[in-house]
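The values are calculated or read from the model by the stated rules, or taken from the named source; none is laboratory data. Since the structure is predicted, the reported quantities are computational estimates derived from the model, not experimental observations. Using ideal geometry, Cβ is built from the backbone for each residue, glycine included, and neighbour counts are taken over all protein chains shown. These area figures cover heavy atoms from the full protein model, side chains too; ligands, DNA and RNA do not enter into them. Shrake-Rupley method; radii C 1.70, N 1.55, O 1.52, S 1.80 Å.
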Amino acid sequence: MGQSPPVVLGRENSLCDPFTFLSSSSAFISGEGFRDEIAVEIVDYTAELPDECLAFVFQFLGPGDRNRCSLVCKRWFRVDGWSRHRLSLNAQSEIVSSLPSLFTRFDSVTKLALRCSRKSISLTDDALLTISIRCRNLTRLKLRGCREITDEGMSTFAKNSKKLRKLSCGSCMFGAKALNTVLDHCANLEELSVKRLRGIHDGAEPIGPGAAASSLKMICLKELVNGQSFAPLVLGSKNLKTVKIIHCLGDWDSVLQLIGNRNRNYKENLNCDINYGSSDSNRSPLMEIHLERLQVSDIGLSAISKCTKIENLHIVKTPECSNYGLVCVAENCKLLRKLHIDGWRTNRIGDEGLIAVAKHCSNLQELVLIGVNATHVSLSAIACNCSKLERLALCGSGTIGDTEIACIAAKCMALKKLCIKGCPISDIAIEALGSGCPNLVKIKVRKCRGVSSDAGEWLREQRGSMLINMDACDADCGFEASVSDIGVHETGVEVGQVTAVGASTSSNGRLALLRSKLGHFAGRNLVACTLRRWSNCDDSLNINL
């Protein structure tokens, strides 16, 4: 019927012995006077598919599936080799002898990860030199636990890898000398992530921007003894957008003051005549700052408030920061879109700072509060003034109850995702969410003692399209939250005792029990009254945008 003739696999496409094919001749099977004719023919339907299309299909497979596909035939083996751009290797010393043949096959690798466990000896400088010679197009390198690589080895690698754009190194032994060489020779470097680097210690030489001063956009420093040695790099990177400083020792207020002054100078130079050719006139402002588990105070927060273009700010477990510092940030960083605060239950950040955020940061889209004792006063201000708020997480607060959730349900019209964890809410709050937040598509409720499992089923009955993730809170209500486990960015559906996909709608007995528990309040229409109360926003706050 107009179909092209089938293509039979030949010797050139097989990794094994040649296939033995049955021709189109007939094979007969007899039985009680009955004979059927069967023609068997093995066809390779990918033979007419161009190599580029086959390589595109391989890109959708994981490493294991790609390895298995490469064993199908010689052609697939060859296409997998030249089309594989990402490679992750167990960087033990035993792999050194295999490197030449390995990179002869995978000659198009641009992203390489080398990982070695603590119990093993990693590859050495000579192996890294071989990799730099074989992988001339390398743009991303990740090193984990490669303790045998020294400053000299990294320096040689940097001189041969001038196309490098992203470098991530952790638990290695080299230090400032190696990083300075990388920054001097890798002029296209955009991202630098450094974690537990043993060579960065007290007395280490300063780390400067070098040739990467114009290209570097992101710096992440994590668990370093002397992270302050990176200050010249941060200050000298003209197009730096993101700075993440996590669990690094020492006082960071002075470094943040330098960062703030850098951005203040940038702002002043924008107001000057560009004909003067100021050295800072081509700088780009910082837009994202993460501060986590640091010795930083309100002095540091007031300093980074000079970075007026900040859109994403994380203040996580910095116990010396208070409302004063947050107010300074809110008053100056009016473009803020994402704000994460983990107050660590120190009660130093609360309503005062959050009211300032509500007053000045009308573009806020994502707010995460962990261990912050906010009340309906500040949440009402945020609900009324931050009309673009789409993602909200409230975790580990003893002051956020049914009244606060009713306020959110009534006023957060744009809210799409809500996470509540370890807060003293009850089924009344769930009932408020049943009729509020019209754009809400996902809700997660964890470790809230007053919420019953039946409330989730009732909520799904009211909002059938909503993704609901709730746990049983009768037993363990211990709470320890972090920014990484609140789930405001999750897109998948978690399996809980009540989910939007798997919840049963036929549990009339439990629904009746829930209605009976809420019956007294429903009869008095308390929730409806509360919603009406918050729908008429409290003008006594005198918040003007």
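Can you confirm whether the stretch 441-449 contains a residue that is open to solvent by 30 Å² or more (accessible area, probe 1.4 Å), touching a Cys at 6+ places or on another chain (Cβ under 6 Å) and in a loop (DSSP other than H, G, I, E, B)?
Step one: list which residues in the stretch 441-449 are open to solvent by 30 Å² or more (accessible area, probe 1.4 Å), which gives 441, 446-447, 449.
Next, from what is left, pick out any that are touching a Cys at 6+ places or on another chain (Cβ under 6 Å): 447, 449.
Okay, now just the ones that are also in a loop (DSSP other than H, G, I, E, B), so 447, 449.
Looking for residues that are open to solvent by 30 Å² or more (accessible area, probe 1.4 Å), touching a Cys at 6+ places or on another chain (Cβ under 6 Å) and in a loop (DSSP other than H, G, I, E, B), one finds at least one in the stretch 441-449, hence yes.
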Which one of these is β-branched (Val, Ile, Thr) and open to solvent by less than 20 Å² (accessible area, probe 1.4 Å): ILE315, ILE299, ILE355?
ILE315
Considering residues of the stretch 416-431 that are within 25 Å of ASN385 (Cβ to Cβ) and in contact with a Gly (Cβ under 9 Å, 6 or more places away or on another chain) only, the residue most open to solvent (accessible area, probe 1.4 Å):
LYS417
Residue identified as assigned to a strand (DSSP E or B) and either in contact with a His (Cβ under 8 Å, 6 or more places away or on another chain) or more than 23 Å from ASP342 (Cα to Cα) (or both) among ILE468, ILE430
ILE468
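Quick grid of which residues meet (1) in contact with a Cys (Cβ under 9 Å, 6 or more places away or on another chain); (2) buried (at least 23 other Cβ atoms within 10 Å of the Cβ); (3) farther than 16 Å from ASP342 by Cα:
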| residue | (1), (2), (3) |
| --- | --- |
| SER362 | yes, no, yes |
| GLN365 | yes, no, yes |
| LEU369 | yes, yes, no |
| ASN373 | no, no, no |
| HIS376 | yes, no, yes |
| ILE382 | yes, yes, yes |
| LYS388 | no, no, yes |
| LEU392 | yes, yes, no |
| CYS395 | yes, yes, no |
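I'd like the full set of residues that are in contact with a Leu (Cβ under 7 Å, 6 or more places away or on another chain) and either within 19 Å of GLU311 (Cα to Cα) or not in a loop (DSSP other than H, G, I, E, B) (or both), limited to the stretch 221-232. Even if it seems obvious, please write down each step before you answer.
Of the residues in the stretch 221-232, the ones in contact with a Leu (Cβ under 7 Å, 6 or more places away or on another chain) are 224-225, 227, 230-231.
Of everything in the stretch 221-232, those that are in contact with a Leu (Cβ under 7 Å, 6 or more places away or on another chain) and either within 19 Å of GLU311 (Cα to Cα) or not in a loop (DSSP other than H, G, I, E, B) (or both) turn out to be GLY227, PHE230, ALA231.
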Only listed residue being at pLDDT 95 or above, within 26 Å of the chain's Cα centre (by Cα) and open to solvent by less than 60 Å² (accessible area, probe 1.4 Å), chosen from ILE246, ILE259
ILE246
Quick one: which residue in ARG86, ARG11, ARG35 is at pLDDT 50 or above and of a type in the set (Lys, Arg)?
ARG86
Say we look at the stretch 401-415 and pick out the residues that are open to solvent by less than 10 Å² (accessible area, probe 1.4 Å) and either touching a residue at least 40 places away in the same chain (Cβ under 8 Å) or within 24 Å of the chain's Cα centre (by Cα) (or both); which of these is nearest to HIS340 (Cα to Cα)?
LEU415
Among the residues that make up the stretch 390-400, is at least one of them over 20 Å from ILE315 (Cα atoms) and touching a residue at least 60 places away in the same chain (Cβ under 8 Å)?
no
Which one is farthest from GLY236 (Cα to Cα), of the residues in the stretch 147-184 that are surrounded by fewer than 19 Cβ atoms within 10 Å (Cβ to Cβ) and touching a Cys at 6+ places or on another chain (Cβ under 7 Å)?
ARG147
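For the stretch 194-203, name all the residues that are open to solvent by 20 Å² or more (accessible area, probe 1.4 Å), assigned to a loop (DSSP other than H, G, I, E, B) and of a type outside the set (Asp, Glu). First the steps, then the outcome.
Let us first name the residues in the stretch 194-203 that are open to solvent by 20 Å² or more (accessible area, probe 1.4 Å), namely 195-196, 198, 201-203.
Next, only the ones that are assigned to a loop (DSSP other than H, G, I, E, B) stay: 196, 198, 201-203.
Of everything in the stretch 194-203, those that are open to solvent by 20 Å² or more (accessible area, probe 1.4 Å), assigned to a loop (DSSP other than H, G, I, E, B) and of a type outside the set (Asp, Glu) turn out to be ARG196, ARG198, HIS201, GLY203.
Would you be able to say whether some residue in the stretch 210-225 is hydroxyl-bearing (Ser, Thr, Tyr), under 26 Å from the mean Cα position of the chain (by Cα) and open to solvent by 40 Å² or more (accessible area, probe 1.4 Å)?
Scanning the stretch 210-225, I find at least one residue that is hydroxyl-bearing (Ser, Thr, Tyr), under 26 Å from the mean Cα position of the chain (by Cα) and open to solvent by 40 Å² or more (accessible area, probe 1.4 Å), so the answer is yes.
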Residues satisfying the stated conditions in the stretch 98-112, i.e. part of a helix (DSSP H, G or I), open to solvent by 40 Å² or more (accessible area, probe 1.4 Å) and over 15 Å from PHE77 (Cα atoms)
SER98, PRO100
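Quick one: is SER132 part of a helix (DSSP H, G or I) and either in contact (Cβ under 8 Å) with a residue 40 or more places away in the chain or hydroxyl-bearing (Ser, Thr, Tyr) (or both)?
In short, yes.
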